[in-house]
Amino acid sequence: GSKTPIPIIAFTAHHSEEERQRCLNAGMNDFLSKPIHSHELQCQLHRWSQPTIQPSTPNTIATTPYDLLDDACLKQLEKDLGNKTQKVLNLFLTTLPDYAQKMHQAINDKQRNDLKLLAHTLRGSGTIVGALQVAEQCLQLEKASEKESWTEIQARMPSLTRIMQKTEQTLRSLTHRN
């Protein structure tokens, strides 16, 4: 049978784009900066053990809450943060529309570095709160911005926007139940 590749996640003391790029160029799948927080590690491990959206399918969109949010990440976040979990989720929710607007602006202005930084930052936040579809789409957008592939970027952005909206709706419905 076919073997699934084992993901390699670097742990580094340096949190910089150069260090991240060095890790990726060395063949690692992702990286975490020290200090390592257990919920970030749990989410990364879960993320890399799941099937991913193929780069050739920019219009793929999750359709159920289970596709949008990783329950294990949310539970780990709640375990680690306790009553502060709601505050973190609310912060994520309030920043989503701002990220969407800034990303669209960076695309309109063809500001590759701005777009790359925004996608990278949102990917990290999405991973922490279990919004793995947002994180995956941001990763693909980040890669496209590195190549300055504006056609791919413009093809991916509507999908990311829809995923962000659906994730926001789903998280709001979950947070209102608690």
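The values are calculated or read from the model by the stated rules, or taken from the named source; none is laboratory data. In this text the structure is predicted, and so the values were computed from the model without any measurement. Cβ placement follows ideal geometry from the backbone for every residue including glycine, while neighbour counts extend to all protein chains displayed. In case anyone asks, the SASA skips ligands and DNA or RNA and just uses the protein heavy atoms, side chains included. Shrake-Rupley method; radii C 1.70, N 1.55, O 1.52, S 1.80 Å.
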Only one of these is under 24 Å from Asp30 (Cα atoms) and either open to solvent by less than 80 Å² (accessible area, probe 1.4 Å) or in a helix (DSSP H, G or I) (or both): Gln169, Gln165, Gln105, Gln76. Name it.
Gln76
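So in the stretch 9-35, with the set limited to residues that are assigned to a loop (DSSP other than H, G, I, E, B) and surrounded by 12 or more Cβ atoms within 10 Å (Cβ to Cβ), which one is modelled with the highest pLDDT? It would help to see each step written out before you state the result.
From the stretch 9-35, those assigned to a loop (DSSP other than H, G, I, E, B) are 13-16, 26-29, 34-35; that's our starting set.
Those left that are additionally surrounded by 12 or more Cβ atoms within 10 Å (Cβ to Cβ): 14-15, 28-29.
On the way: His14: 70, His15: 66, Met28: 79, Asn29: 75.
Here the residue is Met28.
Return yes when Leu174 is under 24 Å from Glu40 (Cα atoms), open to solvent by less than 40 Å² (accessible area, probe 1.4 Å) and assigned to a helix (DSSP H, G or I) and no when it is not. Break it down into steps so the answer makes sense when it comes.
Working: under 24 Å from Glu40 (Cα atoms): yes; open to solvent by less than 40 Å² (accessible area, probe 1.4 Å): no; assigned to a helix (DSSP H, G or I): yes.
So Leu174 does not fit the description; no.
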(1) within 18 Å of the chain's Cα centre (by Cα); (2) modelled with pLDDT under 90; (3) not β-branched (Val, Ile, Thr) all hold for Gln86 apart from (1)
Might you let me know whether the stretch 140-150 holds any residue that is open to solvent by 20 Å² or more (accessible area, probe 1.4 Å), over 27 Å from Lys84 (Cα atoms), modelled with pLDDT of 90 or more and assigned to a helix (DSSP H, G or I)?
yes
For Leu91, indicate whether it is in a helix (DSSP H, G or I) and modelled with pLDDT of 75 or more.
yes
